[in-house]
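Asker: Here it is, the structure in full.
The values are calculated or read from the model by the stated rules, or taken from the named source; none is laboratory data. On a predicted model such as this, the values are computed, not experimentally measured, just so you know. Counting neighbours? That spans all protein chains shown, and the Cβs are built from the backbone with ideal geometry, glycine included. Surface accessibility is based on the protein's heavy atoms, side chains included, excluding ligands, DNA and RNA. Shrake-Rupley method; radii C 1.70, N 1.55, O 1.52, S 1.80 Å.
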Number of protein chains: 4
Amino acid sequence: MQSRTSSPTGRPGRPRSATADEAILEATREALVELGWSKLTLGDVATRAGVAKTTLYRRWAGKNELVVDAVAVLFDELELPDRGSLAADIEGVVLQFAAILDRPETKTALMAVVAESTRDAPLRERIRNSIVDRQKRLVLEGRARAERRGELPAAPDPRSAAATADLIFDVAAGAVVHRTLVSAEPVDGEWVRRFTALLLGGLAAASG
Amino acid sequence: MQSRTSSPTGRPGRPRSATADEAILEATREALVELGWSKLTLGDVATRAGVAKTTLYRRWAGKNELVVDAVAVLFDELELPDRGSLAADIEGVVLQFAAILDRPETKTALMAVVAESTRDAPLRERIRNSIVDRQKRLVLEGRARAERRGELPAAPDPRSAAATADLIFDVAAGAVVHRTLVSAEPVDGEWVRRFTALLLGGLAAASG
Amino acid sequence: MQSRTSSPTGRPGRPRSATADEAILEATREALVELGWSKLTLGDVATRAGVAKTTLYRRWAGKNELVVDAVAVLFDELELPDRGSLAADIEGVVLQFAAILDRPETKTALMAVVAESTRDAPLRERIRNSIVDRQKRLVLEGRARAERRGELPAAPDPRSAAATADLIFDVAAGAVVHRTLVSAEPVDGEWVRRFTALLLGGLAAASG
Amino acid sequence: MQSRTSSPTGRPGRPRSATADEAILEATREALVELGWSKLTLGDVATRAGVAKTTLYRRWAGKNELVVDAVAVLFDELELPDRGSLAADIEGVVLQFAAILDRPETKTALMAVVAESTRDAPLRERIRNSIVDRQKRLVLEGRARAERRGELPAAPDPRSAAATADLIFDVAAGAVVHRTLVSAEPVDGEWVRRFTALLLGGLAAASG
DNA sequence: ACATAACCGAGACGGTACGTCCAGTCTTCCC
DNA sequence: GGGAAGACTGGACGTACCGTCTCGGTTATGT
């Protein structure tokens with residue numbers, strides 16, 4: 001005699017359009033390329049996506065959240081192919097990261113949302129979840145692979161290993177971002193070699 | 001009966017108020033602390049400074065330029081006191097830099113203007129002149145002092161020395177910025193010691 | 001082999017909920033009292049009535065039609081009890097009309113739908129059928145009763161009688177509406193006596 | 001040594017555009033004719049007037065106030081030319097009033113603002129000041145002229161005279177409005193003759 | 001019994017206007 | 001000519017409703 005609420009979704013009413021989300025994110029990236037962060041307007045994004053402004057506001061709280069989601073997916077391209085040595089692996093992933101950061105849609109947007117996030121804790125959390133933490137895995141994978149190869153000794157204790165991973169992540173990501181956006185110089189092969197040498201030398205010295 | 005143009009500038013008419021500039025910049029910093037970058041409006045700054053909006057636009061092209069000038073002066077606090085060793089010097093300056101970056105007015109403004117500068121070359125130049133290059137001298141000074149102390153060998157050739165200085169600068173500034181704004185973790189004594197060890201180890205390995 | 005249309009309505013499928021109609025009209029009157037015409041929204045009416053917006057639009061074309069129906073029923077209260085003389089009959093019905101017009105739901109709605117009806121012929125027709133013509137019968141009844149009493153001579157010709165009835169109707173209804181809504185003065189006993197005297201005096205003079 | 005604030009206007013700053021007001025009111029009347037009250041939007045009016053929306057909101061609180069001002073001027077056309085007799089004077093002014101009320105911009109707007117005014121006391125006051133009371137003078141002038149001609153006896157006491165004037169005003173204005181907008185019948189010569197006869201007969205009977 | 005068809009609630013949809021805010025400019029009078 | 005005041009055009013904001021639609025699901029009739 002139970003009440004029949006056997007709907008698969010549970011929620012009544014018209015379901016949200018499945019295609020709209022991706023259309024909006026794609027339109028956002030397109031608008032970022034053309035207009036940059038500060039001239040991007042949600043009305044324009046809605047028009048490009050063929051969607052009403054209300055639909056957009058129903059799904060995202062504002063420009064910041066929308067842009068984080070639109071850009072986040074680009075960073076998922078990052079991989080860590082095995083290039084035979086720790087140095088080569090690092091150089092490869094740093095170059096990949098620099099290439100993503102050099103795209104106009106990320107270049108203009110990433111710093112802007114980080115700037116906003118200094119006064120907006122939920123946004124900071126969203127950035128961390130959507131972008132930052134997803135890439136930290138690369139550091140951990142690289143370390144694990146280097147240990148398997150015997151290039152690095154096994155981590156002495158987990159706590160110290162985590163702190164080192166965080167440090168490497170801040171150094172590597174920070175250096176590439178600073179070089180690209182602040183110094184406005186290219187992250188080319190030579191720079192990457194120099195940076196990698198510095199980083200590996202430092203790691204060896206620190207653990208030796 | 002001719003008009004005496006004894007004004008020091010030679011320009012006719014009332015000279016610009018000397019005090020207004022500093023009042024505006026101070027009002028800008030105050031507004032940055034209270035409102036953050038994105039909610040700061042020029043009208044509000046003008047009101048706080050007791051100045052007409054016209055005056056403000058006569059002296060700065062827009063929000064970006066104004067904020068760069070308002071924040072730049074804060075970075076002039078950076079010094080490089082002699083602490084006896086290269087490591088101590090680095091730790092000291094990194095901590096100073098982190099302290100400046102932790103202030104609400106810089107935290108909210110710096111990434112924002114950098115973000116804007118990705119699409120605005122004159123702004124990028126202004127940031128470089130007002131903020132970035134003033135820090136870079138610290139790297140050069142530190143290197144020179146370390147050479148005098150014998151901690152580092154003399155630069156083999158100028159070109160390579162400049163590239164290394166740039167690299168160190170991007171790594172150090174980038175790491176601190178990333179740690180502070182993206183990872184949102186404190187730049188405390190331990191982190192600075194770890195970072196300095198990494199950096200010096202890397203430098204030694206690279207030059208050895 | 002013909003289809004049996006033994007249903008009372010003839011239409012197959014689930015019949016419309018009988019209770020919904022009255023719930024909606026009651027909710028409309030309630031919303032009119034609270035919000036007035038211009039802030040009344042159909043979504044709000046639907047919510048108050050515990051009904052989906054779809055249901056509402058299935059039965060009424062829009063706000064205007066709904067409000068006409070909601071208010072029309074209030075005018076059915078108007079009666080013409082025999083008070084012994086034409087003057088007393090007129091005074092009675094004018095007071096009744098004024099009382100209905102003083103209710104907040106009619107006050108805010110009636111002029112609004114009349115305003116809309118100036119650009120919407122079907123709405124004008126609906127108002128006439130639902131509201132206006134129901135009042136006009138009172139004029140005709142009053143005249144007939146006065147003739148039976150001998151207070152007025154029999155109508156000389158039907159065409160003239162109809163024109164006079166229309167005139168009386170416009171004068172009486174118009175005066176009460178104008179007094180109530182435009183002059184915003186009360187239609188009290190004294191005003192009604194003065195008005196009735198004017199009207200009856202005019203009628204006597206015109207027919208004499 | 002007094003502060004010199006010898007500006008003629010007294011207020012500092014750029015003065016309001018003198019031409020904008022009339023352009024906006026004219027655009028409002030034009031839009032009323034084309035769109036009617038309910039489809040008239042302030043954005044559209046601003047565009048027609050060649051003015052920014054903010055300018056419009058700076059000067060009027062909303063649609064209601066704007067429309068009252070736009071329409072009020074039309075009623076100032078009403079005059080009371082001397083046609084030789086009280087009856088002729090009344091017929092003349094009633095026809096004028098009906099003609100104004102038949103214009104699309106008044107027809108659609110007047111009832112709408114009256115409807116709104118039922119829930120908005122300041123608006124009611126504005127209507128009274130801008131439109132209603134300005135026309136009440138016609139009743140008083142007509143009475144005075146009729147007294148000079150000897151058609152009506154001098155008012156016995158001022159209080160009663162004022163009440164009679166109010167009554168006449170409500171009856172006349174109300175009847176014309178009702179005939180035009182509710183009954184939707186033309187106010188033609190015959191109707192006006194009948195109405196005037198009724199009114200004058202009633203007045204004579206009441207004062208006799 | 002079971003299909004058919006109109007009903008129902010909920011709520012997302014594209015669209016339009018709202019009234020506000022700010023940018024950057026212009027116009028006035030004053031110093 | 002600089003400066004304070006404030007009105008100006010223009011454009012985006014985020015919200016509220018409109019009237020439509022698309023779901024899952026209900027309730028009648030008709031075979």
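Asker: Using amide H atoms built 1.01 Å from N in the peptide plane, name the residues 5+ places from D:Arg83, or on other chains, whose amide H lies under 5 Å from its own.
Answerer: Sorted by chain and number, the residues that satisfy this are D:Asp89.
Asker: State, to one decimal in nm, how far the label point of D:Arg83 lies from the label point of B:Thr55, with both points 7 Å from Cα in the Cβ direction.
Answerer: Using points 7 Å along Cα→Cβ, the separation is 6.7 nm.
Asker: Continuing with the same structure: Among the trypsin sites (Lys or Arg not before Pro) within the range B:38-117, which fall in a DSSP loop and have no more than 15 other Cβ atoms within 10 Å of their own Cβ?
Answerer: On the way: sites: B:Lys39, B:Arg48, B:Lys53, B:Arg58, B:Arg59, B:Lys63, B:Arg83, B:Lys107; in loops: B:Lys39, B:Arg83.
Those that pass, being in a loop and sparsely packed, are B:Lys39, B:Arg83.
Asker: Could you work out what % of the accessible surface of the range B:18-59 is carbon and sulfur, using a 1.4 angstrom probe and leaving DNA, RNA and ligands out of the count? Let's see the in-between values first.
Answerer: Values: 1120 of 2140 Å².
Percent of accessible area from carbon and sulfur atoms in the range B:18-59: 52.
Asker: Here's something else I'd like to know. Kindly state, to the nearest 0.05, the FRET efficiency for C:Thr47 paired with A:Thr47, given R0 = 25 Å and r defined as their beta-carbon distance.
Answerer: Given R0 = 25 Å and the Cβ-Cβ separation, E is 0.20.
Asker: Then there's this: Give, as a single signed number, the net charge of other residues whose beta carbon lies under 14 Å from the beta carbon of B:Glu190, with Lys and Arg counted +1 and Asp and Glu -1.
Answerer: On the way: positive: A:Arg159, B:Arg179, B:Arg193, B:Arg194; negative: A:Asp166, A:Asp170, B:Glu91, B:Glu185, B:Asp188.
Local charge sum for B:Glu190: -1.
Asker: Here's another thing I want to ask about it. Report the per residue volume, in Å³, of the convex hull enclosing the C-alpha atoms of the range A:18-59.
Answerer: On the way: hull volume 2.4 nm³, N = 42.
Taking the convex hull of the Cα positions in the range A:18-59, it is 57 Å³ per residue.
Asker: How are the C-alpha pair distances of the range A:1-107 spread across 5 Å bins, as whole percents from the shortest bin up?
Answerer: Final binned percentages: 2, 11, 17, 16, 11, 11, 9, 8, 6, 4, 2, 1, 0, 0.
Asker: What does the charge count near C:Arg48 come to, summing +1 for each Lys or Arg and -1 for each Asp or Glu among other residues with Cβ under 15 Å from its Cβ?
Answerer: Residues close to C:Arg48 contribute a combined charge of -3.
Asker: From the phi angles alone, apply the Karplus equation (6.51, -1.76, 1.60; θ = phi - 60°) to the range A:85-91 and give each ³J(HN,Hα) in whole Hz, x where the residue is Gly or Pro.
Answerer: Once rounded to whole Hz, the list reads 9, 4, 4, 5, 4, 4, 4.
Asker: What whole number of Å gives the distance from the Cα centroid of the range A:61-125 to the Cα centroid of the range A:134-208?
Answerer: Here the answer is 16 Å between Cα centres.
Asker: Still on this model: Counting Lys and Arg as +1 and Asp and Glu as -1, each charge on the Cβ, what is the dipole of chain C about the Cα centre in debye, to the nearest 20? Before the final figure, lay out each step's value.
Answerer: Working: 29 positive and 29 negative charges, 178 e Å.
Dipole of chain C, to the nearest 20 debye: 860 debye.
Asker: Given the rotation relating A and D, tell me which residue in A puts its Cβ closest to the axis and the distance in Å.
Answerer: Of all Cβ atoms in A, the one closest to the rotation axis yields A:Gly43, 7.
Asker: Using a label point 7 Å beyond Cα on the Cα-Cβ vector, give me the inter-copy distances for B:Arg145 in nanometres, one decimal, shortest first.
Answerer: Between copies, matching label points for B:Arg145 lie 4.1, 10.1, 10.9 nm apart.
Asker: Please list D:Leu140, A:Leu66 in order of solvent-accessible area, largest first, computed with a 1.4 Å probe with all protein chains present.
Answerer: Final ranking, largest accessible area leading: D:Leu140, A:Leu66.
Asker: Here's another thing I want to ask about it. Which shape class, rounded, prolate or oblate, goes with the range B:83-156 when its Cα gyration tensor gives a ≥ b ≥ c as root eigenvalues, a/c under 1.5 marks rounded, and past that a/b bigger than b/c marks prolate?
Answerer: Oblate, because a/c is 1.5 or more while a/b does not exceed b/c.
Asker: Please check the range A:169-186 for residues whose accessible area, probe 1.4 Å, is lower by 20 Å² or more when all protein chains are in place than in their chain alone.
Answerer: For the range A:169-186, once contacts with the other chains are taken into account, A:Asp170, A:Val171, A:Gly174, A:Ala175, A:His178, A:Arg179, A:Leu181, A:Val182, A:Ser183, A:Ala184 lose 20 Å² or more.
Asker: Taking the alpha-carbon distance from B:Lys39 and a cut-off under 28 Å, which lysines remain once sequence neighbours fewer than 8 residues away in the same chain are dropped?
Answerer: A:Lys39, A:Lys53, A:Lys63, A:Lys107, B:Lys53, B:Lys63, B:Lys107, D:Lys53
Asker: Now, a different point. Under the Karplus relation 6.51 cos²θ - 1.76 cosθ + 1.60, θ = phi - 60°, what is the ordered set of whole-Hz ³J(HN,Hα) values for the range C:42-50, x standing for Gly and Pro?
Answerer: 5, x, 5, 4, 4, 4, 4, 7, x
Asker: Averaged per residue, what accessible area in Å² does the protein assembly as shown show with a 1.4 Å probe, protein chains only?
Answerer: Numbers: 40780 Å² over 832 residues.
I get 49 Å² per residue for this part.
Asker: Using θ = phi - 60° and the Karplus form 6.51 cos²θ - 1.76 cosθ + 1.60, what ³J(HN,Hα) does each residue of the range C:186-191 get, whole Hz, x for Gly and Pro?
Answerer: x, 8, 9, x, 5, 4
Asker: Cα convex hull of the range B:82-208: mean projected area in nm², to one decimal? List each step's numbers first, then the result.
Answerer: Working: hull surface 33.4 nm².
Spelled out: convex hull of the Cα atoms, projected over all directions, averaged, 8.3 nm².
Asker: Sorted from shortest, what are the nm distances separating the label point of B:Glu190 from equivalent points in the other copies, each placed 7 Å from Cα along Cα to C-beta?
Answerer: Spelled out, the distances from B:Glu190's label point are 4.0, 9.0, 10.3 nm.
Asker: Could I ask something else about it? Under a 5 Å amide H to amide H cut-off, with H placed in plane at 1.01 Å, what residues pair with B:Glu151 once short-range neighbours are removed?
Answerer: Long-range HN contacts for B:Glu151: none found.
Asker: How much net charge surrounds A:Asn129 when only the other residues with a Cβ under 12 Å from the Cβ of A:Asn129 are counted, with Lys and Arg +1 and Asp and Glu -1? Can you show the working numbers first?
Answerer: Details: positive: A:Arg124, A:Arg126, A:Arg128, A:Arg134, A:Lys136; negative: A:Glu65, A:Asp69, A:Glu125, A:Asp133.
Every neighbour counted, the sum reads +1.
Asker: List, shortest first and in nm to one decimal, how far the label point of A:Ala61 (7 Å from Cα along Cα→Cβ) is from its counterparts in the other copies.
Answerer: 3.4, 3.6, 4.6
Asker: Got the relative contact order for chain D handy, in percent, Cα pairs under 8 Å and 6 or more residues apart? Could the numbers behind the result be given before it?
Answerer: Numbers: 154 pairs, mean separation 42.7, N = 208.
Taking the mean separation of contacting Cα pairs over the length of chain D, I get 21 percent.
Asker: In the range B:31-110, which GluC sites (Glu not before Pro) are in a loop and have at most 14 other Cβ atoms within 10 Å, using DSSP for the loop call?
Answerer: Numbers: sites: B:Glu34, B:Glu65, B:Glu77, B:Glu79, B:Glu91, B:Glu105; in loops: B:Glu77, B:Glu79.
Passing sites in the range B:31-110 are B:Glu77, B:Glu79.
Asker: State, to one decimal in nm, how far the label point of A:Lys136 lies from the label point of C:Asp76, with both points 7 Å from Cα in the Cβ direction.
Answerer: Placing both labels 7 Å beyond Cα along the Cβ direction yields 7.1 nm.
Asker: What fraction of the Cα pairs in the protein assembly as shown, stated in percent, has a spacing above 34 angstrom?
Answerer: Details: 236098 of 345696 pairs.
Taking all Cα-Cα pairs of the protein assembly as shown, the fraction more than 34 Å apart is 68 percent.
Asker: Say R0 is 22 Å: what FRET efficiency, to the nearest 0.05, do C:Glu125 and D:Arg193 get from their beta-carbon distance? Present the calculation step by step, with values, prior to reporting the outcome.
Answerer: Working: r = 29 Å, r/R0 = 1.31.
Using R0 = 22 Å, I get an efficiency of 0.15.
Asker: Note down the nm distance, to one decimal, between modelled labels 7 Å out along Cα→Cβ at C:Asp21 and at B:Ser207.
Answerer: Result for the modelled spin labels: 9.6 nm.
Asker: Chains D and C: buried accessible surface, both sides, probe 1.4 Å, rounded to 100 Å²?
Answerer: Using a 1.4 Å probe on protein heavy atoms, the buried area is about 3900 Å².
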